[in-house]
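Below: one structure, written as structure tokens.
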Ligand code: GBH
């Protein structure tokens, strides 16, 4: 059965940050630090999904979808990141999963969508190798509770974005600007993925995936300097996260002046390269890269022109999804497991969102054109307008409009279109 779904993430929709024993996460801290998030917005209330989840599942059902990707908030389950389990936090996801199953919607939980317990950040966060082991402990706790009903699990969401925005540039929580010194965050997340994959399977999980955000990389010109720069960018954005998981080795990082990284210990790559039941891919747009114009990184983002852009300013390039899927097949061959497009979507303001319809239509068609790739699912980002990280509530990605003053949900034109598209009526 092909999975047609939509995706959300805990901190972006739940709110109820102080309820039922939830501990603080790095995003609570970040949002409440002045100047970090646009307009001082926070996830304190968000979509109030923690109280309105039944209504929200009804919306998933009403769109004719057969799958729902959500994330579990680690600080609800383990308020201090480790140690005592908060049963009330687990109960929330237990009820959610029950209702999804009763409605015939496949639950696809992600264990980490960036809301790390603050207590773990205080001990170094993902810079600390120990966080990988704590993540596996947390995975085991959740799987013991849910794996009788949840078959498919995603460990991490977009470890690249969490490393770069959270620890290299500091525009996301935890707000650290370590530049290339953030590299251990890649390794410790990947190690956490591998350890969690084992823990999930040991506790009844049938299918384990990781979700990486991938981008086709376009050299700005055919000049060797631009091609080399594009290759360096491809290595950092795509290969650094896909190669160890699928091939059991890191790509060559010499363009960054990095040899064998000291933080990779014997046996780590075997752990990271656990057999996967699927690769989750989040696709938004390609990236055009040129040679650098200074001594810093070995590339420069040259920007894409000549395509329409979303309200966020991101270029709309549907065929990039076909290109990405086929490039994964070309690079990984038989090592590529079935692929699930775990996020694809766009920000627009309108309720009568014809541009979103065109975006989704174009991307679904591009996915279906991809040759030689076993694609088994497609999830729209997102079900609801929600807390768009550093942009606060200023970017609307939902199939369903949310009035944040009243919490009223209103399905957009794209919501109705998607239902008809899936039913084969368009
Ligand atoms: C995802 O990240 C997240 O998983 C999700 O939580 C989030 O809400 C959603 O996407 C929307 O942002 O500079 O024009 O080349 C997406 C990561 C990083 C994708 C920046 C697009 C660059 C656009 N994104 N990226 S551009």
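The values are calculated or read from the model by the stated rules, or taken from the named source; none is laboratory data. Here the structure is a predicted model, which is why all the values come from computation and not from measurement. Because the Cβ atoms are built from the backbone with ideal geometry, glycine has one as well, and the counts that use them run over all protein chains shown.
For this structure, a couple of remarks:
- Matching entry among 271, 309, 287 (being within 13 Å of the ligand (Cβ to nearest atom) and either farther than 20 Å from residue 325 by Cα or modelled with pLDDT under 95 (or both)): 309
- Within segment 214-331, helices (runs of 4 or more DSSP H) holding 3 or more residues that are touching a residue at least 12 places away in the same chain (Cβ under 8 Å) and touching a helix residue (DSSP H, G or I) at 6+ places or on another chain (Cβ under 6 Å): 240-247, 268-272
- Where a residue in segment 339-350 is under 16 Å from residue 322 (Cβ atoms) and assigned to a loop (DSSP other than H, G, I, E, B) and its partner, wherever it lies, is modelled with pLDDT of 95 or more and away from the ligand (no atom under 12 Å from the Cβ), with Cβ under 8 Å and at least six apart: none
- Some residue of segment 165-179 being away from the ligand (no atom under 16 Å from the Cβ) and under 18 Å from residue 272 (Cβ atoms): no
- One residue alone among 383, 360 is within 24 Å of the chain's Cα centre (by Cα) and under 30 Å from residue 25 (Cα atoms), and that residue is 383.
Residues are listed down the side, and each one gets a yes or a no for (1) more than 21 Å from the chain's Cα centre (by Cα); (2) more than 23 Å from residue 383 (Cα to Cα):
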position: 31; (1), (2): no, no
position: 35; (1), (2): yes, yes
position: 40; (1), (2): yes, yes
position: 46; (1), (2): no, no
position: 50; (1), (2): no, no
position: 54; (1), (2): yes, no
position: 58; (1), (2): yes, no
position: 64; (1), (2): yes, no
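- Cross-chain or 6+ apart pairs with Cβ under 6 Å, segment 373-401 first and without any contact (Cβ under 8 Å) to a residue 24 or more places away in the chain, then more than 10 Å from the ligand (Cβ to nearest atom): 398/384; 398/385
- Filter result for residue 215 (within 16 Å of the ligand (Cβ to nearest atom) and within 23 Å of residue 322 (Cα to Cα)): yes
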